[in-house]
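J.: Have a look at this one before I ask anything.
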C-alpha cells in the first residue's frame, strides 16, 4: 500500500477512534456504513460503455463477468456554534473476477471552519445533475477515473463578496503515483476561481476558470529525462509562466508544464418549483483556447429538475459535445493544413499518458479508448476529435423506487490522421433501484453499445463495407446500509 493511502487512513482512524468529547464539547456526530455487491455479465469480453464509465474507476472495462463489492464508511464530527467540522471516509473495492484490481478507492479527511476547508486524501467528486450527465457537468473532472490523492484548500461553497455577488476558489496539489503513467511520479497542480451573481429564484449566473497543470517527474525518453521540479519551476507552473532553461523547448516558448483548463459558465433559474440550468464548458490547452480560437469546441448542457422527486419524470438533461476544431480549420479535414498544429485535447508530447489516471480519462469519458505500449503504460488517447449528443431522464414509477435512462450518440474521427472513416457509436443505459426498507435495497441495470465504422474492402476499393460491433450487458446488485 502506498504511503499516501496509509497516511490518509491513519488520519481517518484517528478521528473515528478519538472520543468526541476530546475533540469537542457538545458535538454532533454522524456515521454511515454500507455494503454493496453487484454481479455483471456481458455478451462480449468487455462491458458496455456506461456499465464501466463514470464509475470512479471501480469497474474494469475488460472481462465478460465481474463480481464487484464496495464497503463504504463515511462520517463527520461537528460543533455548530463554532462551525467547525471534521469529515472522513474510506471505501474498499474488490472484484472477485480480477483480484489484482482490489483497491482503496477513497480515503480522505477534511477539516472545515465556517466556509473554508482543508482536505487530504482521495475523494470522488459529488454526483451532480442527478447522475444524468456524461461527465458530471464538467469538462476536465468527471467521476470516470479513481480519485487521485491530493491536498486541497478552498471555500466550502460561495462566499459573499458584496451585494448579490459571491465567489468560490480552490487550490490543490496532487502527487500522481500510477503504474500506468508513462512519466514516473509527476505532479498535478489545480486551481480555480468562480464568481456568482444573483439568486436562482430570479436569475443566477456563475462564471470562472479552472487550471490543471502536469509538471515534474521523470521521463523514460532520454531527450527529456528528469523534468524540472524545483521550487522556482513550481512558481513558473502556478503563475503560468514560460519554462526555465532546463525545460523542454516548447515549454520555454509557452508555459511550464502541461496546462489544461476550461472557462465555465452556468445560468440558473427557478420557475414554479422547477429548476432550469444551462452550462457551457470551453476547453483550454494553450493560448488559442484562452482567446477562443478553438471555438466551437465546447460542452453545452441544459438541465431541468422538479423539486418533487416522487414523479414519473423528475429530471431531464441534454448535452452536446464538440471537439473537432482543435484550433485548426477547416474542421472537416482528415489531415490538418500545413503549418497548423491541433491542440489534441488531453494528449501531450512529453506527458505521454495524457490526462489519465489509473487507466481511465479523468475528464469527459468520451475521450476513448486509451492506447498502451508493450510495457502496459498509457501512451495516449486514440480518439480526441468527435461530436456527441447525450441525453437522459430520471424519475420514480412507484413509491420507494427510482430509475435512470441515458442515451449517447457520438461520431468519432480519432486524431487528425487516424480514423480515415468515422466511427459512429450509440451507447445506452437503464438503471432501476428499489428500496425494500431503510436498510436494504436492490438495484439492476441494462446497457448496450452499437458501433459502426465503414472501411475499405480489400477486394474492391470502389465499395465499402461496414465493420459493425455490438455488445449487451447488465448487472444485478444489493445494497445493505449497516449504519443508515
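J.: Compute the separation of the alpha-carbon centres of segment 253-324 and segment 105-119 and state it in Å as a whole number.
T.: Cα centroid to Cα centroid, the span is 26 Å.
J.: Evaluate the distance, in nm, between pseudo-label points positioned 7 Å from the Cα of residue 239 and of residue 79 along their respective Cα→Cβ axes.
T.: 4.1
J.: Turning to a different aspect of this structure: Based on DSSP H runs of at least 4 residues, each adding -39500 (n - 2.57), what is the mean residue ellipticity at 222 nm of the chain after dividing by all its residues, to the nearest 500 deg cm²/dmol?
T.: Numbers: 6 runs with 40 residues, N = 484.
So the helix-based figure for the chain works out to -2000 deg cm²/dmol.
J.: With each pseudo-label sitting 7 Å past Cα toward Cβ, what's the residue 250-residue 295 distance in nm, one decimal?
T.: If labels sit at residue 250 and residue 295, their model points lie 2.6 nm apart.
J.: Continuing with this model, one more query. Spin-label point model (7 Å from Cα, Cβ direction): what's the residue 173 to residue 436 distance in nm?
T.: Calculated label separation equals 4.9 nm.
J.: So what is the relative contact order for segment 125-395, in percent, with contacts set as C-alpha pairs under 8 Å and at least six apart? Intermediate results must be reported in sequence, preceding the final value.
T.: Details: 641 pairs, mean separation 52.6, N = 271.
After rounding, I find 19 percent.
J.: What ranking, highest mean first, results for peptides 176-188, 428-440 when packing means the other Cβ atoms within 10 Å averaged over each residue?
T.: Values: 176-188: 19.5, 428-440: 15.1.
Highest to lowest by the protection proxy: 176-188, 428-440.
J.: While we're on this one: Using Cα pairs under 8 angstrom and six or more residues apart, how large is the relative contact order of segment 57-131, in percent?
T.: That works out to 24 percent.
J.: Could I ask something else about it? Give the peptides 475-484, 280-289 in descending order of average Cβ contacts within 10 Å, highest first. Present the calculation step by step, with values, prior to reporting the outcome.
T.: Numbers: 475-484: 15.0, 280-289: 20.4.
So the order, starting with the most tightly packed, is 280-289, 475-484.
J.: Still on this structure: Sequence gap at least 6, Cα distance under 8 Å: using those rules, report the relative contact order of the chain to the nearest whole percent. Before the final figure, lay out the partial values.
T.: Working: 1272 pairs, mean separation 66.1, N = 484.
Once normalised by length, the contact order is 14 percent.
J.: Which length gain, in nm to one decimal place, applies between residue 162 and residue 33 when the Cα-Cα distance is subtracted from 0.36 nm times their residue separation?
T.: Details: separation 129, 0.36 × 129 = 46.44 nm, distance 4.08 nm.
Length gained between residue 162 and residue 33: 42.4 nm.
J.: Per 0.36 nm of contour for each residue apart, how much would the distance between residue 320 and residue 224 grow if the chain were fully extended, relative to their Cα-Cα spacing? Kindly include the intermediate steps, with their values, before the conclusion.
T.: Values: separation 96, 0.36 × 96 = 34.56 nm, distance 3.80 nm.
Full extension of this stretch gives 30.8 nm more.
Read-outs: derived from the displayed coordinates by stated rules, not from any lab. All values reported here derive from a predicted model rather than from experimental measurement. Note that we place each Cβ from the backbone using ideal geometry, even for glycine, and neighbour counts take in every protein chain shown.
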